[in-house]
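Undergrad: My structure is below; once you've seen it, I'll send some questions.
The values are calculated or read from the model by the stated rules, or taken from the named source; none is laboratory data. No experiment lies behind these values; they were computed from the predicted model shown. In this analysis, Cβ positions are derived from the backbone assuming ideal geometry, glycine residues included, and neighbour counts consider all displayed protein chains. All accessible areas refer to the heavy atoms of the entire protein, side chains included, with ligands and DNA or RNA removed. Shrake-Rupley method; radii C 1.70, N 1.55, O 1.52, S 1.80 Å.
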Amino acid sequence: MSEQPQCVTLGLAPSFGFGDRIGLATPGHVVAMQRSANGIEPIFPQQSIREMTRTQRTPQQVMDDALNGAKSAGWEGRIGADADHLKTPEDVDVTAAVGFTFFTIDPSDDVDQKADDYDEATLREKFESARESAPWYESYLGKSIDLPSGSKVELDEQACMRAAVKYGSAIQRALHLGDHIKSVHEAKNGDYEIELSVDETDQPTTLAEHYIIADQCLQGGMKLVSLAPRFIGELEKGVDYKGDVAALEASLNDHAAIAEMLGPYKLSLHSGSDKLSMYAALARATKGRFHVKTAGTSYLEALRVVARHDEALFRRIVQFGRDRYDIDKATYHVSATNDAVPTADGLDAKKLEQVYLECWADVPQGVGFTEPGRQILHCTFGSTLTDPELGPAVRSVLESHPDTYTEVLADHFSRHLEALAAGM
């Protein structure tokens, strides 16, 4: 009997995170990697504290499900493990204890989300109170940095003040958590790496903000391997990138130049599920130094198995999702509305799957899904999986049809991996 695989740090290798909210998806993830890895390394155990809370799973369960799934499917390569969206030292403690190796710090609670909209008078007023949390302010003021991409990072007074107001406290929170992650691993003589998430904002991360945030974290001794900015365009859950891909690639070139100059560290794409149309641009701009994070899309593929093997149950889940959507979508970046998507009534089985999950047969090569019905099902995963009837019923269908689940996942993620490889 082969030994249980162990999770390791992946460093600057291109990497792909496969979130699994049910605990049965890893065999399908492994087959996708076996078919289409193209040098990309996998993170199989990946879950945020928020997702664990919503699905009532523990860090140990997430780790066990992923590693047992990888072992049963014959995976023999390296595996990373992402403790995602960590906000407190307690979050770090419970995930480090079970062997996670990649720690994603999320300081978004300390970001001033309104900072981009302040007029100059308001900004100056806010800056007075934020000054203490940004001791670095003077050291950047007036600098202009030439990037290899041809752009400049202009650290003028406005840019530095806005960065201080928007991110001063968040940088302090990130450094505090980074120090805690370091001390936990020094105590057990374990290896680790850190990703910083600054993508959960309404406005894109400016080059000045990226530069200051990353530089401060690195100066503070953070073992930063990856940073997730908020990119231009719309990165909604469950659907492809919405925006001008050429403009995005130009912006990615600039962000990648900063990552190369200061680090190097990887650029990370959160809400990366189904963003196939931007993958090649991401891989090109970063020269293969990227991380992509997915989660909800494996759950939607689980529902595809339900749609094909238990149509009545799928209809119940669709109606339940519609009933819960307006409540559950509160913490997600989505634009779908119930009114924009037909109810299940009157739709035959094939049309029902097309409307709520979409089908690859209906999508051109190299792009992802765009149907708004996906967002309704995506946002309501926690309510569905913890429902006393629906949750066990979904699991039962997946356990009864493991080959279907493995194949739809393998097909789904092979397309993701191949789209990334097209830019490498």
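Undergrad: Suppose R0 equals 41 Å. What FRET efficiency, 1/(1 + (r/R0)^6) with r the Cβ-Cβ distance, do Ser396 and Asp244 give to the nearest 0.05? Show your work: numbers first, answer last.
TA: On the way: r = 44 Å, r/R0 = 1.08.
My answer for the efficiency is 0.40.
Undergrad: Moving to a separate point now. On a 28 Å Cα-Cα criterion, which of the cross-link pairs Lys182/Lys275; Lys126/Lys182; Lys182/Lys293 come out too long?
TA: Lys182/Lys275; Lys126/Lys182
Undergrad: Please give the per residue accessible area of segment 37-78, computed with a probe of 1.4 Å over protein heavy atoms only, in Å².
TA: Dividing the accessible area of segment 37-78 by its residue count gives 43 Å².
Undergrad: What is the Cα coordinate range of the chain on the first, second and third principal axes, sorted by size from largest, in whole angstrom?
TA: The Cα atoms of the chain stretch 63, 53, 39 Å along the principal axes, largest first.
Undergrad: Would you please name the chymotrypsin sites (Phe, Trp or Tyr not before Pro) within segment 348-424 that are DSSP coil residues with at most 16 other C-beta atoms within 10 Å of their C-beta?
TA: Answer by residue number: there is no such site.
Undergrad: Assigning unit charges at the beta carbon (Lys, Arg +1; Asp, Glu -1) and nothing else, what dipole magnitude in debye, to the nearest 20, does the chain show about its Cα centre?
TA: Its charge dipole is roughly 680 debye.
Undergrad: What are the GluC sites (Glu not before Pro) within segment 385-417 that DSSP puts in a loop, where the Cβ has at most 11 other Cβ atoms within 10 Å?
TA: Numbers: sites: Glu389, Glu399, Glu407; in loops: Glu389.
Passing sites in segment 385-417 are Glu389.
Undergrad: Accessible area per residue of segment 132-290 at 1.4 Å probe, in Å²?
TA: Result: 36 Å² of accessible area for each residue.
Undergrad: Here's another thing I want to ask about it. Keeping all protein chains in place and using 1.4 angstrom, which order do Asp199, Asp117 fall into by accessible surface area, from largest down?
TA: Result, largest first: Asp117, Asp199.
Undergrad: Using only Cα atoms, tell me the angle between helix 276-286 and the longest principal axis of the chain; keep it within 0 to 90° and round to the nearest 10.
TA: For 276-286 against the chain, the angle is about 40 degrees.
Undergrad: With unit charges on the beta carbon (Lys/Arg positive, Asp/Glu negative), name the residue among Gly142, Val239, Ile22 whose Cα is farthest towards the positive pole of the charge dipole of the chain.
TA: Sorting the options by dipole projection puts first Ile22.
Undergrad: Now for a separate question. When the accessible area of the chain is computed with all protein chains present and a 1.4 Å probe, what percentage of it is carbon and sulfur?
TA: Looking at the chain in its full context, I get 48 percent from C and S.
Undergrad: Also, quick follow-up: Kindly write out, for segment 106-114 in residue order, the coupling ³J(HN,Hα) from the Karplus curve 6.51 cos²θ - 1.76 cosθ + 1.60 (θ = phi - 60°), rounded to whole Hz, with x marking Gly and Pro.
TA: With coefficients 6.51, -1.76 and 1.60, one gets 10, x, 4, 5, 9, 7, 7, 5, 9 Hz.
Undergrad: Moving to a separate point now. Using a basic spin-label model with each label point 7 Å from the Cα along Cα→Cβ, how many nm lie between Trp360 and Asp117?
TA: About 4.2 nm, to one decimal.
Undergrad: Excluding residues fewer than 8 places away in the same chain, name every one of the aspartates and glutamates whose C-alpha is closer than 12 Å to that of Lys114.
TA: In chain and number order, the partners are Asp202.
Undergrad: Which of the trypsin sites (Lys or Arg not before Pro) found in segment 151-214 are loop residues per DSSP with 11 or fewer other Cβ atoms within 10 Å of their Cβ?
TA: The qualifying sites are Lys188.
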